[in-house]
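Before any comments, here is the structure.
The values are calculated or read from the model by the stated rules, or taken from the named source; none is laboratory data. Just so you know, these numbers come straight off a predicted model, no measurement behind them. All Cβ positions, glycine included, derive from the backbone under ideal geometry; neighbour counts span all protein chains shown. Heads up: the accessible areas ignore ligands, DNA and RNA and are worked out on the full protein's heavy atoms, side chains in. Shrake-Rupley method; radii C 1.70, N 1.55, O 1.52, S 1.80 Å.
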Amino acid sequence: MDINAIINEFSSRFGKNPEHIFFCPGRVNLIGEHIDYNGGKVMPCAISLGTYLTISKNKDKLLRFHSLNFPETTELHLQESYTKTGKTWFNYPLGMINEIVQEGNTISGLDMLFYGNLPIGAGLSSSASIEVLTGFALNQLFGLKISNKDLALMGKKVENQFIGVNSGIMDQFAVVMGKKDKAILLDCDTLEYEYLPFETGEYILTIINSNKQRILADSKYNERFAECGKALKALKKELNVTHLCDIDLNTFEAHRHVIDDPILQKRALHVISENFRVGEARDALKANDLTSFGKLMYASHQSLKDWYEVSGKELDTIVEFCKTYDDCIGARMTGAGFGGCAIALVKKNKFEDFSSKITEYYNQRIGYNPEVFASEIGDGVKELSN
Ligand code: GLA
């Protein structure tokens, strides 16, 4: 759907043209999975797919939420605070509006029409995209002077407190700070970051959506979060650390016996080894060594499969095919896992061949098709016009 079609839809629903149009991307994480909430370093980038918001102020003191992706609409009177309703899509923008008014900001009524071209709930941060988009739009419309970093932190708070998922800062940070053709190396403890060149040369960043419904993903995510907390608590008996990612692999090996549950040991092993891999991946990108980078992607997937147990047969089937395909140099699941998407580095001139062969391979084993598409690395949230 193009922007004009979204504007026309806004006009027919609200009887006027939108005053502003905003866009916020989704993200892929290249490496550094499930370590943002363990004080680790991650390497996401914003992609060209994302969420659009056409918006105007109204004088009716009403917040009107419409979407082109979902049939439910709602109309709420302006209030001092808002609460979540069931599992509906508008909880995400509403959570952000709640956060903004809770911080003492005054807003007016708003007519809003959202449209996203990201697969929803597929590990490409559709929720961070809509949260940050709403916050960014209100920041512009009401001159709130919220910094980019604070916008990301507010999005995280919405996810943690309003939605109820204990996620880290990676997704919101990536969709705010994304930069064309750059990966973001983010230290999730200090929020210091740098842009790394992500020049894929003769390769193309390919996204493979497993199309697996992510059932209970939020509760399994919270379970992993809790497991990391328990592993850290045990290690703190012998080590003076704040996060699991403060520990290096040798130190972990020397002290892992203090964790008596073998499952918790596996979780910690993933986190600590993944954080180390991110450092190696940074060096590989800086040296423009995509082959080594690809190997680290495979190693990351293996660790998420065996130690962290967040992959699943669909994502494993995708990565297994990639390993047999000569013109693919690396692949891994991206995001929270439990279904969702994998990413792969595939030779540009083999993309069509890769796409049809992986579709056939996957369909034979899983029973339905994945969706395969090439992705560009894009900029973070922005206003498209005013
Ligand atoms: C989700 C969360 C992120 C991060 C990833 C896993 O996308 O929102 O904070 O934990 O999972 O790396």
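Scan the range 344-359 for residues that are aromatic (Phe, Trp, Tyr) and touching an Asp or Glu at 6+ places or on another chain (Cβ under 8 Å) and jot them down. The one that is aromatic (Phe, Trp, Tyr) and touching an Asp or Glu at 6+ places or on another chain (Cβ under 8 Å): Phe354. Only a single item in (1) touching a helix residue (DSSP H, G or I) at 6+ places or on another chain (Cβ under 8 Å); (2) within 21 Å of Ala342 (Cβ to Cβ); (3) assigned to a loop (DSSP other than H, G, I, E, B); (4) more than 10 Å from the ligand (Cβ to nearest atom) is not met by Arg214, and it is number (1).
Here Lys233 qualifies as away from the ligand (no atom under 11 Å from the Cβ), of a type in the set (D, E, K, R), modelled with pLDDT of 95 or more and open to solvent by 40 Å² or more (accessible area, probe 1.4 Å). Of all residues in the range 19-50, those satisfying the criterion of being open to solvent by 10 Å² or more (accessible area, probe 1.4 Å), in a strand (DSSP E or B) and of a type outside the set (Phe, Trp, Tyr) are His20, Ile21, Lys41, Ser48, Leu49.
Exactly one residue among Lys57, Lys16 is in a strand (DSSP E or B) and either away from the ligand (no atom under 16 Å from the Cβ) or open to solvent by less than 10 Å² (accessible area, probe 1.4 Å) (or both), and that residue is Lys57. Residues that are touching a residue at least 40 places away in the same chain (Cβ under 8 Å), among the aliphatic types (A, V, I, L, M), under 27 Å from Ser292 (Cα atoms) and surrounded by fewer than 17 Cβ atoms within 10 Å (Cβ to Cβ) occur at least once in the range 182-194. Can you spot a residue in the range 337-359 that is open to solvent by less than 10 Å² (accessible area, probe 1.4 Å), away from the ligand (no atom under 16 Å from the Cβ) and among the β-branched types (Val, Ile, Thr)? The answer is yes; a qualifying residue exists. Considering each residue of the range 87-94 in turn, at least one proves to be open to solvent by less than 10 Å² (accessible area, probe 1.4 Å), away from the ligand (no atom under 16 Å from the Cβ) and in a helix (DSSP H, G or I). For the range 60-86, the tally of residues that are open to solvent by 50 Å² or more (accessible area, probe 1.4 Å), closer than 24 Å to Thr106 by Cβ and either in a strand (DSSP E or B) or not hydroxyl-bearing (Ser, Thr, Tyr) (or both) stands at 8.
Among the criteria (1) open to solvent by less than 10 Å² (accessible area, probe 1.4 Å); (2) within 16 Å of the ligand (Cβ to nearest atom), the one Cys322 does not fulfil is (2).
How about the range 201-217: which of its residues are farther than 13 Å from Gly123 by Cβ and surrounded by fewer than 18 Cβ atoms within 10 Å (Cβ to Cβ)? Gly201, Glu202, Ile215, Leu216 - these are the residues of the range 201-217 that are farther than 13 Å from Gly123 by Cβ and surrounded by fewer than 18 Cβ atoms within 10 Å (Cβ to Cβ). Restricting attention to the range 282-319 and to residues that are charged (D, E, K, R) and under 21 Å from Cys45 (Cβ atoms), the residue that is surrounded by the fewest Cβ atoms within 10 Å (Cβ to Cβ) turns out to be Lys286. Taken over the range 93-148, residues that are among the β-branched types (Val, Ile, Thr) and within 17 Å of the chain's Cα centre (by Cα) amount to 4. For beta carbons closer than 6 Å, sequence separation of 6+ or different chains, a first residue in the range 21-42 that is near the ligand (Cβ under 10 Å from one of its atoms) and a second that is part of a strand (DSSP E or B) and open to solvent by 10 Å² or more (accessible area, probe 1.4 Å), the qualifying pairs are Gly32/Lys41. Only helices (runs of 4 or more DSSP H) whose full extent lies in the range 228-330 are considered here, and the ones with at least 3 residues that are under 25 Å from Glu194 (Cα atoms) and within 22 Å of the chain's Cα centre (by Cα) are 262-286, 290-306. Scanning the range 97-132 for residues that are within 16 Å of the ligand (Cβ to nearest atom), aliphatic (A, V, I, L, M) and buried (at least 19 other Cβ atoms within 10 Å of the Cβ) yields a total of 6.
Yes or no, residue by residue, for (1) among the polar types (S, T, N, Q); (2) touching a residue at least 60 places away in the same chain (Cβ under 8 Å); (3) out of contact with any Cys (no Cβ under 9 Å at 6 or more places or on another chain); (4) in a loop (DSSP other than H, G, I, E, B):
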| position | (1), (2), (3), (4) |
| --- | --- |
| Met112 | no, no, yes, no |
| Pro119 | no, yes, no, yes |
| Ser129 | yes, yes, no, no |
| Leu205 | no, yes, no, no |
| Ile208 | no, yes, no, no |
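Any residue at all in the range 205-228 that's of a type in the set (Asp, Glu) and at pLDDT below 95? The answer is yes; a qualifying residue exists.
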